[in-house]
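To start, the structure itself, in C-alpha cells.
The values are calculated or read from the model by the stated rules, or taken from the named source; none is laboratory data. What you see is a predicted model, and the numbers here were worked out from it, not measured in a lab. FYI the Cβ positions are ideal-geometry reconstructions off the backbone, even for glycines, and counts take in every protein chain you see. The protein model used for the area step is the full one, side chains on, heavy atoms only, and it has no ligands, DNA or RNA in it. Shrake-Rupley method; radii C 1.70, N 1.55, O 1.52, S 1.80 Å.
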Amino acid sequence: MDTQIDYTYKYARDFDENTPKLLEYLFNGGTDKVKIAEMIKQGLSLIEQKYDCSDFRIEIFTRILLGYKEVIGKEVEQTILNVLSKFPFEDQSCHSMCTWTENHQLIIDVSEYLLGSTYPENKFYKDKTGIDLASSALTRLNDWCEFIYKFGFSEFGSCNYYPETLGALGNIIEFSKDEKLRDKFKIILDLMCFDIFNSVTPDLTYNKATARAYVDNKINYYNYLLPHIKSLLGDEIKVNHEREACFFLMLKAKDKNGNHVYKLPQVFLDIFNTKERILKESNGLNGKEYRKHGLLKYEDKNVRYIMTSGTSGSYVALRNISKYLSDQEMWNHAMFKSVKPYKTIIKLTPFLFSIIRKLDKNNYNYTSYARGDTYTYVNNNYSVSSLTRYQVKKVSFQQVSHIINLDGLSVFTTAPAKTMDKTGSPDYWIGSKRNPDCMQFKNILIAYYKNPKLTHVYFPLEKFEEVNLDYLYKGFVFGRYHNINVMIRTNANLSWVDSTNDKSIKQDGKTPNFNLKQYDLMNNSVDDHYYIFEVDDTMTLKEFIANVLDNSPLIKEKEILYKGFQYIYNKRCHFNGIKMKNHYPRFESKFVFNDQYVFDKENPIIFVSDKNKLTIDFKEYTRKEETITK
C-alpha cells in the first residue's frame, strides 16, 4: 500500500452510467453476452480505482453473480470476480471511499459475506479465502444488527440514505443461506418500515426531520423512497436504476415453499391507512451516553459504531477514533486529509482538548448526526416533523431540524453556513450553521434560533395557489397549496432574496430542472430569530388567517405563548398546561403495545393496530404476525 500518494476525492456516480443500467437490463430479460461484457467495464474500473460509492457498484455486481450467473456466462463471471477479489472489504487508506457510515458499512459487509459464502475457496484481498471473508463479515453484520436494535438508525429519517440501506437489506434477505441471519435483517427491515409507514403521507411523500439530507431531498425535488414504498405496497416497479433494484427483486423472490421472502406486515398497512398519526421516536446516541453502554472501550466494533453514529463529542471517543485511523493507516484517506493536522491535537490531554473545543467559534462539537428525538405528525396529505431540542446552537452538517410537507411541497428554515455561491455540507441550504430549539405539538411547530444573525425560509412562492403577504411587515406569511394552509410567524424583518447566483439549490447538478425565481425569504434581524409554523386543512385561507390573527402569538424575550403553547427557549415547554418531553423512548406511538417501547432484549416489541399485530423477539430473532379477533 502506497500511503504517500496524494489521493484526490472522486465520486463514482460522476463517472459511471452503465452499471445501474446493467441490472435493469438483466432484470428485463437481457441475455446478450457481448453487451453485458461491455456494460460491466465502467463499474469495474471504478471499483479498481476505489472512488467514493464504488461499493454501490459492488452491491450490484454481487447480486449479478448470485442471481444471474447462468445468464452472464463463465467469462463475465470470472472478470467480475477477479476485480471484486482485489477489493479491500475493510476500512483503510489511500482511496476516496467512505466505508464507515451506516449504509456503507452494511453494503460492504453484506457484499463481503455473500461473496465469501458463494466462493469459499476463492482468494480475496490480502490472500483471504472466501471462508475467511464470510467469517469476518458475519461478525460485523451481527454487531451492526445489535446496535440498530439497541439504539436505532444513525441515518434516521433519511429519504436519501434509507434507499441505500434497503438495497443491502434486499441482498442479504434474499441470498443469505443462514436462516437466523435472514430473520435478523427482516427485523431491521420491519423497524425501518414502521418508521416509513408512520411518517409517509397518503401521496407517498416521506420527508421528515432527519440526520442526513441534501437540497434535493429537502425541497422534494425527487422522491427517492417513492419506488421502494410503492413496491412494498405491492405496485409493479419496472424501472430499476441504481441499488433500488436489489430491493425490488428481493420483494419478488420466493422461498422453497413458494412464499415471498419478505412481505410488508399487514399492521404497517393498517398504520399507513390511518388518517392521523403521531410518531415520537429516538434514534442514535449522544457522546455522553457512550460510557453507559460500554462503547469507550477500544474495540473495533465500538469505534466503528461511533463512526457510524456520527458522534465523537467526547475526548475518549475522539482519541479512540484517532487510534483506529492510525491502526488502519487511514490518515491519508481522501476524506481525512483535511483533518490530519488535528491528529496531534487529539493526542493532547483531555483538559487541553476541552479548552480547544471551547475556543471553537463554529460550535462544531465534532458531531455530524448524534441522537435524534423525532416528533412527526401526519394528517391527511400534510406532515409536520421536527427534532426535539436537538444539538441546540450547534452546527448541523446534513441534519434537518424541522420540515413541513404540504402534499409534496416543503417548507423549512436554516441558518446559512455559507453564501449561496458555495457548496458542500453544510452550506446555504444543506445543514445549518446553528441549530434552533424545536418543540412541536401536532400541527404547530416552534423553531427558535439564539442570536443566529441570519436565517432564511424555503418558501417556494410560485408553487402556492394562494399567498397572503399583507402582514409581512408584522412577520406573518400565509400560503395555501392543495387545500392545505400554512402560517409562518417570525421577526418583522423579512425580505425576498435575489436567487440568481444560488449554486447551493442546484446541488452540483442534482436539481437540473429547478427554475423557481422566488423561494428564499431572508430574516436578518439583530435579535434572536423565532419561527412559529401552523398547518391546517379544515378552513379556507381567509378563515385561517382570521383564526391566527385572533389568537396572535405573544412574543417575549425567549418566550412564546400561542394556542396552548407556553414555550421558553431551551428550557420549559408546556402545551395546555402539560409539560412536554425533551427526549423520547425508542418508540412512542399508539401503534406500539402499551404506547411506548424502550429497548430490552428480554422483552419483545409489539406493533399493533385494531386488526393486526406483529411481535418481534430480539432474543430469539423471531417475528410473528397475527390477526386480532374481537
Boolean, Ser282 is small (Gly, Ala, Ser) and in a helix (DSSP H, G or I): no
Members of the range 412-434 that are small (Gly, Ala, Ser) and either open to solvent by 10 Å² or more (accessible area, probe 1.4 Å) or under 19 Å from the mean Cα position of the chain (by Cα) (or both): Ala417, Gly424, Ser425, Gly431, Ser432
Residue tally, condition over 21 Å from Asp132 (Cα atoms), free of Cβ contacts under 8 Å to residues at least 60 places away in the same chain and surrounded by fewer than 22 Cβ atoms within 10 Å (Cβ to Cβ), over the range 78-103: 1
Of all residues in the range 491-504 being more than 22 Å from Gly564 (Cα to Cα) and touching a strand residue (DSSP E or B) at 6+ places or on another chain (Cβ under 8 Å), the one that is surrounded by the fewest Cβ atoms within 10 Å (Cβ to Cβ): Ser495
Any chance Gln391 is open to solvent by 10 Å² or more (accessible area, probe 1.4 Å) and closer than 12 Å to Cys438 by Cβ: yes
Some residue of the range 209-228 being hydroxyl-bearing (Ser, Thr, Tyr), in contact with a Lys or Arg (Cβ under 7 Å, 6 or more places away or on another chain) and open to solvent by less than 20 Å² (accessible area, probe 1.4 Å): no
The range 520-544, subset charged (D, E, K, R) and open to solvent by 70 Å² or more (accessible area, probe 1.4 Å), residue nearest to Arg480 (Cα to Cα): Lys542
Residues of the range 449-469 classified as touching a strand residue (DSSP E or B) at 6+ places or on another chain (Cβ under 8 Å), part of a loop (DSSP other than H, G, I, E, B) and open to solvent by 30 Å² or more (accessible area, probe 1.4 Å), total: 4
Residue check for Leu516: hydrophobic (A, V, I, L, M, F, W, C), part of a loop (DSSP other than H, G, I, E, B) and within 20 Å of Ser410 (Cβ to Cβ): yes
Whichever residue in the range 368-388 is part of a loop (DSSP other than H, G, I, E, B) and closer than 16 Å to Glu588 by Cβ and, among such residues, is least open to solvent (accessible area, probe 1.4 Å): Thr388
Matching option when the condition is over 22 Å from Leu26 (Cα atoms), at pLDDT 90 or above and open to solvent by less than 10 Å² (accessible area, probe 1.4 Å), among Leu114, Leu106, Leu65: Leu106
The range 30-62, subset of a type in the set (A, V, I, L, M, F, W, C) and touching a Cys at 6+ places or on another chain (Cβ under 9 Å), residue surrounded by the fewest Cβ atoms within 10 Å (Cβ to Cβ): Cys53
Residues of the range 503-525 classified as out of contact with any helix residue (DSSP H, G or I) (no Cβ under 7 Å at 6 or more places or on another chain) and either over 25 Å from Arg489 (Cβ atoms) or not charged (D, E, K, R) (or both), total: 12
Close pairs from the range 398-409: first more than 16 Å from Arg212 (Cα to Cα) and basic (Lys, Arg), partner part of a strand (DSSP E or B) and open to solvent by 10 Å² or more (accessible area, probe 1.4 Å), Cβ under 9 Å, at least 6 apart: none
Residues that are hydroxyl-bearing (Ser, Thr, Tyr) and under 29 Å from the mean Cα position of the chain (by Cα), drawn from the range 483-542: Thr490, Ser499, Ser504, Thr511, Tyr519, Tyr530, Tyr531
Considering residues of the range 306-316 that are in contact with a Phe, Trp or Tyr (Cβ under 6 Å, 6 or more places away or on another chain) and at pLDDT 75 or above only, the residue surrounded by the fewest Cβ atoms within 10 Å (Cβ to Cβ): Tyr315
Scope the range 499-512; condition free of Cβ contacts under 8 Å to residues at least 24 places away in the same chain and in a loop (DSSP other than H, G, I, E, B); matching residues: Thr500, Pro512
Helices (runs of 4 or more DSSP H) contained entirely in the range 91-201, each with at least 2 residues that are of a type in the set (Ser, Thr, Tyr) and over 19 Å from the mean Cα position of the chain (by Cα): 102-118, 130-151
The range 30-44, residues that are modelled with pLDDT of 90 or more and not charged (D, E, K, R): Gly30, Thr31, Val34, Ile36, Ala37, Met39, Ile40, Leu44
Output for the range 241-277, where each listed residue is in a helix (DSSP H, G or I), open to solvent by 10 Å² or more (accessible area, probe 1.4 Å) and either over 19 Å from Ile616 (Cα atoms) or touching a helix residue (DSSP H, G or I) at 6+ places or on another chain (Cβ under 8 Å) (or both): Glu244, Leu249, Leu251, Lys252, Leu269, Phe272
